[in-house]
Amino acid sequence: MKNRKTVRLIFFAVMLLAIISYPAFGKIGKAVADSAGGNAEFVIGMDQYFVNNQTPGISMDAAAYIDPTSGRTLVPVRYLADALGATTTWDGNTQEVTVSTDVYNIGMTIGSATLTVDGQAQTMDVAPVINNGRTYLPARDVANALGFSVAWDAANKIVVIYPMSSIGEPAYNNVITQAQQNAAKPEQVQKLESALGITMGEDPETGHWGYNPSLNDDGSTNNAFYAQNGSNSFVTVGYEPGDKNEGSEIDVKIASPIHDSSKISVNISPLQKVLEAFFPGQDATVQQMMTFAQQEASHAQTYYGYNPIPGEWLTINGMKVGLGQGDGLTFASLEILGS
(Lines give C-alpha, C1' and ligand atoms only; values in the text may rest on other atoms or scores of the structure.)
Protein backbone atom coordinates (compact mmCIF):
# COMPACT_ATOMS: atom_id res chain seq x y z
CA MET A 1 0.00 0.00 0.00
CA LYS A 2 2.80 2.38 0.92
CA ASN A 3 4.55 1.81 -2.40
CA ARG A 4 1.33 2.39 -4.34
CA LYS A 5 0.66 5.60 -2.43
CA THR A 6 4.22 6.78 -3.09
CA VAL A 7 3.86 6.07 -6.80
CA ARG A 8 0.57 7.97 -6.97
CA LEU A 9 2.14 10.95 -5.15
CA ILE A 10 5.13 10.97 -7.51
CA PHE A 11 2.85 10.74 -10.56
CA PHE A 12 0.70 13.60 -9.26
CA ALA A 13 3.79 15.73 -8.58
CA VAL A 14 5.16 15.13 -12.08
CA MET A 15 1.85 16.05 -13.69
CA LEU A 16 1.54 19.18 -11.56
CA LEU A 17 5.09 20.22 -12.46
CA ALA A 18 4.34 19.73 -16.15
CA ILE A 19 1.23 21.88 -15.94
CA ILE A 20 3.04 24.64 -14.04
CA SER A 21 6.25 24.61 -16.07
CA TYR A 22 4.89 24.17 -19.62
CA PRO A 23 1.49 25.81 -19.97
CA ALA A 24 2.35 27.09 -23.45
CA PHE A 25 2.68 23.60 -24.91
CA GLY A 26 -1.06 23.01 -24.77
CA LYS A 27 -1.74 26.38 -26.40
CA ILE A 28 0.75 25.83 -29.20
CA GLY A 29 -0.57 22.37 -29.97
CA LYS A 30 -4.15 23.61 -30.21
CA ALA A 31 -3.25 26.63 -32.31
CA VAL A 32 -1.41 24.39 -34.77
CA ALA A 33 -4.33 21.97 -34.88
CA ASP A 34 -6.67 24.82 -35.70
CA SER A 35 -4.40 26.30 -38.35
CA ALA A 36 -4.88 26.00 -42.10
CA GLY A 37 -2.09 23.50 -42.55
CA GLY A 38 0.82 23.92 -40.19
CA ASN A 39 3.16 26.22 -42.12
CA ALA A 40 2.96 29.09 -44.56
CA GLU A 41 5.30 31.09 -46.77
CA PHE A 42 5.09 34.67 -47.99
CA VAL A 43 7.40 35.92 -50.75
CA ILE A 44 8.29 39.60 -50.87
CA GLY A 45 6.51 41.26 -53.80
CA MET A 46 4.39 38.24 -54.77
CA ASP A 47 0.60 38.36 -54.83
CA GLN A 48 0.35 34.79 -53.51
CA TYR A 49 0.96 33.02 -50.23
CA PHE A 50 1.77 29.35 -49.88
CA VAL A 51 0.66 26.66 -47.42
CA ASN A 52 2.63 23.46 -46.82
CA ASN A 53 4.93 23.99 -49.82
CA GLN A 54 2.01 23.68 -52.25
CA THR A 55 2.19 25.57 -55.55
CA PRO A 56 0.68 27.48 -57.17
CA GLY A 57 -0.11 29.60 -54.14
CA ILE A 58 -3.29 31.27 -52.97
CA SER A 59 -3.96 34.63 -54.64
CA MET A 60 -3.88 37.89 -52.69
CA ASP A 61 -4.84 41.41 -53.70
CA ALA A 62 -1.78 42.68 -51.84
CA ALA A 63 1.82 41.55 -51.39
CA ALA A 64 4.29 41.30 -48.52
CA TYR A 65 7.01 43.94 -48.46
CA ILE A 66 9.97 45.07 -46.35
CA ASP A 67 9.55 48.22 -44.30
CA PRO A 68 12.44 50.47 -45.45
CA THR A 69 12.95 52.02 -42.01
CA SER A 70 12.94 48.99 -39.72
CA GLY A 71 13.86 46.31 -42.23
CA ARG A 72 10.96 44.23 -40.92
CA THR A 73 8.70 42.22 -43.20
CA LEU A 74 5.08 43.37 -43.31
CA VAL A 75 2.31 41.08 -44.51
CA PRO A 76 -1.39 41.80 -45.19
CA VAL A 77 -3.28 40.80 -42.04
CA ARG A 78 -6.19 39.15 -43.81
CA TYR A 79 -3.98 36.65 -45.59
CA LEU A 80 -1.66 36.02 -42.66
CA ALA A 81 -4.71 35.14 -40.58
CA ASP A 82 -6.09 32.89 -43.33
CA ALA A 83 -2.76 31.09 -43.66
CA LEU A 84 -2.53 30.43 -39.92
CA GLY A 85 -6.16 29.51 -39.35
CA ALA A 86 -6.98 32.69 -37.45
CA THR A 87 -9.76 35.26 -37.82
CA THR A 88 -9.50 39.05 -37.95
CA THR A 89 -11.72 41.87 -36.75
CA TRP A 90 -11.28 45.47 -37.89
CA ASP A 91 -12.63 48.55 -36.10
CA GLY A 92 -12.50 51.43 -38.54
CA ASN A 93 -13.31 54.01 -35.88
CA THR A 94 -10.37 53.16 -33.61
CA GLN A 95 -8.22 51.59 -36.36
CA GLU A 96 -7.76 48.54 -34.18
CA VAL A 97 -7.26 45.06 -35.60
CA THR A 98 -7.76 41.84 -33.63
CA VAL A 99 -6.37 38.47 -34.69
CA SER A 100 -7.79 35.46 -32.88
CA THR A 101 -7.69 31.69 -32.70
CA ASP A 102 -9.59 29.46 -30.27
CA VAL A 103 -6.68 29.95 -27.87
CA TYR A 104 -4.98 33.27 -28.61
CA ASN A 105 -6.34 36.79 -28.90
CA ILE A 106 -3.99 39.56 -30.01
CA GLY A 107 -4.72 43.20 -30.72
CA MET A 108 -2.95 46.06 -32.46
CA THR A 109 -3.65 49.64 -33.48
CA ILE A 110 -2.50 51.30 -36.71
CA GLY A 111 0.54 53.46 -35.99
CA SER A 112 1.18 51.95 -32.54
CA ALA A 113 4.03 49.56 -31.75
CA THR A 114 2.12 48.03 -28.83
CA LEU A 115 0.86 44.47 -29.25
CA THR A 116 -1.50 42.94 -26.70
CA VAL A 117 -1.45 39.15 -26.31
CA ASP A 118 -4.33 37.83 -24.20
CA GLY A 119 -4.47 41.26 -22.55
CA GLN A 120 -0.70 41.51 -21.89
CA ALA A 121 1.14 44.38 -23.63
CA GLN A 122 4.30 43.82 -25.67
CA THR A 123 6.37 46.15 -27.85
CA MET A 124 7.00 45.49 -31.55
CA ASP A 125 9.85 46.80 -33.69
CA VAL A 126 7.44 48.35 -36.18
CA ALA A 127 3.81 49.43 -36.00
CA PRO A 128 0.99 48.13 -38.24
CA VAL A 129 0.24 50.35 -41.23
CA ILE A 130 -2.36 50.80 -43.95
CA ASN A 131 -0.89 50.55 -47.44
CA ASN A 132 -2.98 50.74 -50.63
CA GLY A 133 -6.12 50.21 -48.56
CA ARG A 134 -4.81 47.04 -46.89
CA THR A 135 -3.78 46.63 -43.25
CA TYR A 136 -0.24 45.29 -42.87
CA LEU A 137 1.22 43.69 -39.73
CA PRO A 138 4.80 42.74 -38.78
CA ALA A 139 5.01 39.06 -39.66
CA ARG A 140 7.39 37.93 -36.91
CA ASP A 141 5.65 39.60 -33.96
CA VAL A 142 2.18 38.46 -34.94
CA ALA A 143 3.16 34.90 -35.88
CA ASN A 144 5.14 34.47 -32.64
CA ALA A 145 2.15 35.69 -30.64
CA LEU A 146 -0.01 33.03 -32.31
CA GLY A 147 2.40 30.21 -31.43
CA PHE A 148 4.44 30.08 -34.62
CA SER A 149 8.15 30.43 -35.36
CA VAL A 150 9.37 32.63 -38.20
CA ALA A 151 12.43 32.11 -40.40
CA TRP A 152 13.78 34.49 -43.05
CA ASP A 153 15.27 33.22 -46.32
CA ALA A 154 17.25 36.32 -47.33
CA ALA A 155 18.49 34.84 -50.62
CA ASN A 156 14.98 34.26 -51.94
CA LYS A 157 13.13 36.87 -49.83
CA ILE A 158 10.78 34.33 -48.29
CA VAL A 159 9.14 34.49 -44.86
CA VAL A 160 8.67 30.95 -43.51
CA ILE A 161 6.11 30.53 -40.72
CA TYR A 162 5.77 27.20 -38.92
CA PRO A 163 4.59 25.85 -35.53
CA MET A 164 6.91 26.31 -32.57
CA SER A 165 6.35 22.64 -31.79
CA SER A 166 7.96 21.61 -35.12
CA ILE A 167 11.41 20.06 -35.19
CA GLY A 168 13.27 22.35 -37.56
CA GLU A 169 12.05 24.36 -40.52
CA PRO A 170 9.64 22.75 -43.00
CA ALA A 171 10.56 22.05 -46.61
CA TYR A 172 9.56 24.84 -49.01
CA ASN A 173 11.53 23.99 -52.15
CA ASN A 174 8.50 24.50 -54.40
CA VAL A 175 8.04 28.00 -53.00
CA ILE A 176 11.71 28.77 -53.66
CA THR A 177 11.19 27.84 -57.33
CA GLN A 178 8.20 30.18 -57.54
CA ALA A 179 10.13 32.97 -55.83
CA GLN A 180 13.07 32.62 -58.19
CA GLN A 181 10.80 32.71 -61.22
CA ASN A 182 9.16 35.84 -59.84
CA ALA A 183 12.52 37.48 -59.14
CA ALA A 184 13.52 36.97 -62.76
CA LYS A 185 10.73 39.28 -63.90
CA PRO A 186 11.53 42.96 -64.50
CA GLU A 187 10.97 45.14 -61.45
CA GLN A 188 8.22 47.06 -63.26
CA VAL A 189 6.33 43.83 -63.97
CA GLN A 190 6.63 42.78 -60.34
CA LYS A 191 5.22 46.13 -59.24
CA LEU A 192 2.29 45.88 -61.64
CA GLU A 193 1.48 42.34 -60.61
CA SER A 194 1.68 43.19 -56.94
CA ALA A 195 -0.42 46.36 -57.25
CA LEU A 196 -3.17 44.75 -59.32
CA GLY A 197 -3.10 41.15 -58.12
CA ILE A 198 -2.51 39.82 -61.64
CA THR A 199 0.00 37.59 -63.41
CA MET A 200 1.54 38.94 -66.60
CA GLY A 201 2.90 36.84 -69.45
CA GLU A 202 6.01 37.45 -71.56
CA ASP A 203 6.34 37.37 -75.33
CA PRO A 204 9.78 35.70 -75.66
CA GLU A 205 10.33 37.16 -79.14
CA THR A 206 9.87 40.80 -78.18
CA GLY A 207 10.49 40.72 -74.42
CA HIS A 208 7.18 42.54 -73.92
CA TRP A 209 4.90 41.63 -71.02
CA GLY A 210 1.12 41.78 -71.00
CA TYR A 211 -2.13 40.98 -69.26
CA ASN A 212 -5.51 40.92 -70.99
CA PRO A 213 -8.18 38.68 -69.44
CA SER A 214 -10.44 39.06 -72.48
CA LEU A 215 -7.95 37.08 -74.60
CA ASN A 216 -6.72 33.50 -74.40
CA ASP A 217 -2.99 32.73 -74.50
CA ASP A 218 -3.18 32.21 -78.26
CA GLY A 219 -4.81 35.60 -78.79
CA SER A 220 -8.30 34.27 -79.42
CA THR A 221 -11.37 35.66 -77.66
CA ASN A 222 -11.93 34.44 -74.12
CA ASN A 223 -15.66 33.75 -74.29
CA ALA A 224 -15.79 32.56 -70.68
CA PHE A 225 -14.43 35.90 -69.52
CA TYR A 226 -16.99 37.85 -71.51
CA ALA A 227 -19.80 35.67 -70.18
CA GLN A 228 -18.80 36.51 -66.61
CA ASN A 229 -17.78 40.16 -67.12
CA GLY A 230 -20.11 41.39 -69.85
CA SER A 231 -21.40 44.30 -67.76
CA ASN A 232 -18.18 45.40 -66.02
CA SER A 233 -15.06 47.24 -67.10
CA PHE A 234 -11.75 45.41 -66.78
CA VAL A 235 -8.06 46.24 -66.75
CA THR A 236 -5.42 45.43 -69.36
CA VAL A 237 -1.70 45.96 -68.79
CA GLY A 238 1.35 46.13 -71.03
CA TYR A 239 5.06 46.62 -70.36
CA GLU A 240 7.82 47.21 -72.91
CA PRO A 241 11.40 47.30 -71.63
CA GLY A 242 13.59 50.17 -72.71
CA ASP A 243 16.78 50.14 -74.75
CA LYS A 244 19.63 52.58 -75.40
CA ASN A 245 17.36 54.71 -77.61
CA GLU A 246 14.11 54.67 -75.64
CA GLY A 247 13.00 54.21 -72.07
CA SER A 248 10.53 51.62 -70.91
CA GLU A 249 6.79 52.03 -71.35
CA ILE A 250 3.86 50.91 -69.21
CA ASP A 251 0.27 50.98 -70.47
CA VAL A 252 -2.71 50.40 -68.20
CA LYS A 253 -6.21 50.62 -69.66
CA ILE A 254 -9.70 50.44 -68.22
CA ALA A 255 -11.50 48.61 -71.01
CA SER A 256 -15.11 48.06 -71.99
CA PRO A 257 -16.26 44.57 -73.03
CA ILE A 258 -18.82 46.00 -75.50
CA HIS A 259 -19.17 49.07 -77.72
CA ASP A 260 -22.28 50.28 -75.91
CA SER A 261 -20.26 51.58 -72.97
CA SER A 262 -23.25 53.37 -71.44
CA LYS A 263 -24.40 50.01 -70.05
CA ILE A 264 -21.08 49.16 -68.37
CA SER A 265 -20.20 49.51 -64.69
CA VAL A 266 -16.89 51.37 -64.71
CA ASN A 267 -14.15 50.88 -62.10
CA ILE A 268 -11.02 53.01 -62.53
CA SER A 269 -9.41 52.09 -59.18
CA PRO A 270 -6.71 49.95 -60.90
CA LEU A 271 -5.20 53.17 -62.24
CA GLN A 272 -4.86 54.54 -58.72
CA LYS A 273 -3.24 51.32 -57.49
CA VAL A 274 -0.61 51.55 -60.25
CA LEU A 275 0.05 55.24 -59.62
CA GLU A 276 0.47 54.63 -55.89
CA ALA A 277 2.82 51.70 -56.53
CA PHE A 278 5.11 53.70 -58.84
CA PHE A 279 4.84 57.06 -57.08
CA PRO A 280 4.60 56.47 -53.32
CA GLY A 281 4.24 59.64 -51.28
CA GLN A 282 2.81 61.60 -54.22
CA ASP A 283 -0.74 61.52 -52.86
CA ALA A 284 -1.81 64.96 -54.08
CA THR A 285 -0.55 64.33 -57.61
CA VAL A 286 -2.15 60.89 -57.70
CA GLN A 287 -5.50 62.33 -56.64
CA GLN A 288 -5.18 65.06 -59.28
CA MET A 289 -4.63 62.44 -61.97
CA MET A 290 -7.45 60.24 -60.70
CA THR A 291 -9.86 63.21 -60.88
CA PHE A 292 -8.93 63.66 -64.53
CA ALA A 293 -9.19 59.91 -65.15
CA GLN A 294 -12.73 59.94 -63.78
CA GLN A 295 -13.60 62.79 -66.16
CA GLU A 296 -12.20 60.78 -69.06
CA ALA A 297 -14.13 57.66 -68.05
CA SER A 298 -17.41 59.53 -67.57
CA HIS A 299 -17.03 61.25 -70.94
CA ALA A 300 -16.23 57.94 -72.65
CA GLN A 301 -19.27 56.30 -71.10
CA THR A 302 -21.57 59.13 -72.13
CA TYR A 303 -20.31 59.31 -75.72
CA TYR A 304 -19.88 55.55 -76.26
CA GLY A 305 -16.10 55.81 -76.24
CA TYR A 306 -15.81 58.44 -79.00
CA ASN A 307 -14.82 62.14 -79.12
CA PRO A 308 -12.34 61.77 -76.24
CA ILE A 309 -11.16 64.61 -74.03
CA PRO A 310 -7.52 65.55 -74.84
CA GLY A 311 -5.09 63.76 -72.56
CA GLU A 312 -2.85 65.23 -69.87
CA TRP A 313 0.87 64.68 -69.27
CA LEU A 314 2.88 65.27 -66.12
CA THR A 315 6.49 64.60 -65.13
CA ILE A 316 6.78 62.77 -61.81
CA ASN A 317 10.14 61.72 -60.38
CA GLY A 318 11.70 62.07 -63.82
CA MET A 319 9.08 59.90 -65.53
CA LYS A 320 6.48 61.11 -68.03
CA VAL A 321 2.98 60.11 -66.96
CA GLY A 322 0.01 60.49 -69.26
CA LEU A 323 -3.73 60.00 -68.87
CA GLY A 324 -6.17 59.83 -71.74
CA GLN A 325 -9.10 57.86 -73.06
CA GLY A 326 -7.52 55.64 -75.68
CA ASP A 327 -9.60 53.92 -78.35
CA GLY A 328 -13.38 53.49 -78.52
CA LEU A 329 -13.39 50.54 -76.13
CA THR A 330 -11.24 52.19 -73.48
CA PHE A 331 -12.65 54.36 -70.69
CA ALA A 332 -9.29 55.64 -69.48
CA SER A 333 -5.66 54.92 -70.30
CA LEU A 334 -2.51 55.45 -68.22
CA GLU A 335 1.00 55.58 -69.67
CA ILE A 336 4.24 55.71 -67.70
CA LEU A 337 7.37 56.37 -69.77
CA GLY A 338 10.91 55.82 -68.57
CA SER A 339 9.97 53.67 -65.58
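Residue check: is residue 242 without any contact (Cβ under 8 Å) to a residue 40 or more places away in the chain and surrounded by fewer than 18 Cβ atoms within 10 Å (Cβ to Cβ)? Lay out the reasoning, then the answer.
On the way: without any contact (Cβ under 8 Å) to a residue 40 or more places away in the chain: no; surrounded by fewer than 18 Cβ atoms within 10 Å (Cβ to Cβ): yes.
It is false that residue 242 is without any contact (Cβ under 8 Å) to a residue 40 or more places away in the chain and surrounded by fewer than 18 Cβ atoms within 10 Å (Cβ to Cβ).
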If a residue has to be part of a loop (DSSP other than H, G, I, E, B) and surrounded by fewer than 18 Cβ atoms within 10 Å (Cβ to Cβ) to count, how many in the stretch 77-96 make the cut? 4
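Please find, within the stretch 147-170, the residue that is farthest from residue 196 (Cα to Cα) out of those that are in contact with a helix residue (DSSP H, G or I) (Cβ under 6 Å, 6 or more places away or on another chain) and either buried (at least 21 other Cβ atoms within 10 Å of the Cβ) or not β-branched (Val, Ile, Thr) (or both). Write out each step before concluding.
The first filter runs over the stretch 147-170 and keeps only residues in contact with a helix residue (DSSP H, G or I) (Cβ under 6 Å, 6 or more places away or on another chain), leaving 147, 150, 156, 158-159, 161, 163-165.
Add one more test, that the residue is either buried (at least 21 other Cβ atoms within 10 Å of the Cβ) or not β-branched (Val, Ile, Thr) (or both), and what stays is 147, 156, 158-159, 161, 163-165.
Values: 147: 32, 156: 22, 158: 21, 159: 22, 161: 25, 163: 31, 164: 34, 165: 37 Å.
That would be 165.
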Considering only residues that are of a type in the set (D, E, K, R) and touching a residue at least 12 places away in the same chain (Cβ under 8 Å), which ones fall in the stretch 66-94? 67, 72, 78, 82
With respect to residue 255, is the statement that it is out of contact with any Lys or Arg (no Cβ under 9 Å at 6 or more places or on another chain) and touching a residue at least 60 places away in the same chain (Cβ under 8 Å) true? yes
Note: among 234, 225, just one is touching a Ser or Thr at 6+ places or on another chain (Cβ under 6 Å) and either surrounded by fewer than 11 Cβ atoms within 10 Å (Cβ to Cβ) or without any contact (Cβ under 8 Å) to a residue 40 or more places away in the chain (or both), namely 225
In the stretch 171-201, the residues that are in contact with a Gly (Cβ under 9 Å, 6 or more places away or on another chain), over 22 Å from residue 131 (Cβ atoms) and buried (at least 18 other Cβ atoms within 10 Å of the Cβ): 175, 178
With of a type in the set (Ser, Thr, Tyr) and exposed (fewer than 14 other Cβ atoms within 10 Å of the Cβ) as the only criterion, which of 256, 248, 262 stands out? 262
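Scanning the stretch 299-339 for residues that are at negative phi and without any contact (Cβ under 8 Å) to a residue 12 or more places away in the chain, which turns out farthest from the chain's Cα centre (by Cα)?
Keep residues of the stretch 299-339 that are at negative phi, which gives 299-303, 306, 308-316, 319-325, 327-337, 339.
Those still in the list that are without any contact (Cβ under 8 Å) to a residue 12 or more places away in the chain too: 303, 313, 315.
On the way: 303: 36, 313: 30, 315: 28 Å.
Among those residues, the one meeting the criterion is 303.
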Restricting attention to the stretch 45-76, which residues are crowded, with 21+ Cβ neighbours inside 10 Å, modelled with pLDDT of 85 or more and closer than 22 Å to residue 113 by Cα? 64, 73, 74, 75, 76
Residue check, residue 277 assigned by TED's automatic domain parsing to the domain that holds residue 211, at pLDDT below 90 and either within 27 Å of the chain's Cα centre (by Cα) or outside any helix (DSSP H, G or I) (or both): yes
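The values are calculated or read from the model by the stated rules, or taken from the named source; none is laboratory data. Please read all numbers here as calculations on a predicted model, not as lab measurements. Virtual Cβ from ideal backbone geometry, glycine too; neighbours counted across all protein chains shown.
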